[in-house]
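Visitor: Quick one: structure below, then a few questions.
Just so it is clear, none of the values below were taken in a lab; they were calculated from the coordinates. Please read these numbers as outputs of a predicted model, since none were measured by experiment. Every residue, glycine as well, gets a Cβ built from its backbone with ideal geometry; the counts of neighbours run over all protein chains shown.
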Amino acid sequence: MFKKIIKTPGFWKSVFSLALAFALIFTVVKWAIEGFKMTYFTERNLWIYFGTLILAGCVYGFFVTYGKFKKELKK
């Protein structure tokens, strides 16, 4: 079942689009909490920050998309 789900057309596109949406929303919310100050971006290593953000978004996107596709294939 797992292989069938991850080979379904559109699965990985959905994972990466959810990852990008997650990263964008998370960054804006965290930046808003900091008061929209540019120091939010200058006080941290941006490569590590955005790398972990994209990785976390991909994990989130994978689990959400997997659940969605599994539900659709069960029907």
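Visitor: Could you tell me the relative contact order of the chain? Use alpha-carbon pairs under 8 Å, at least six residues apart, and round to a whole percent.
Guide: Contact order relative to length: 54 percent.
Visitor: Could you line up Thr52, Thr8, Thr42, Thr65 from fewest to most neighbouring Cβ atoms inside 10 Å? Don't skip to the answer; put the middle values down first.
Guide: Working: Thr52 11, Thr8 15, Thr42 8, Thr65 23.
In increasing order of surrounding Cβ atoms, one gets Thr42, Thr52, Thr8, Thr65.
Visitor: Please identify the GluC sites (Glu not before Pro) of the chain that satisfy two criteria: DSSP loop assignment and at most 16 other Cβ atoms within 10 Å. Which are they?
Guide: Those satisfying the criteria are Glu34, Glu43.
Visitor: Could you give the length gained by full extension between Tyr66 and Trp47, i.e. 0.36 nm per residue of separation minus their alpha carbon distance, to one decimal place?
Guide: Once the chain is fully extended between Tyr66 and Trp47, it gains 4.0 nm.
Visitor: Hey, what D do you get for the chain in µm²/s if you plug the Kirkwood alpha-carbon radius into Stokes-Einstein at 20 °C and 1.002 mPa s? All intermediate terms of the calculation are to be shown ahead of the outcome.
Guide: Values: Rh = 13.7 Å.
For these conditions, the coefficient is 156 µm²/s.
Visitor: Of the lysine pairs in region 10-74, how many meet both conditions: Cα atoms under 23 Å apart, and a spacing of 8 or more in sequence or different chains?
Guide: Qualifying lysine pairs in region 10-74: 4.
Visitor: Determine the gain in length on full extension of the stretch Ala32-Lys3; use 0.36 nm per residue of separation and subtract their C-alpha separation, reporting nm with one decimal.
Guide: Length gained between Ala32 and Lys3: 6.5 nm.
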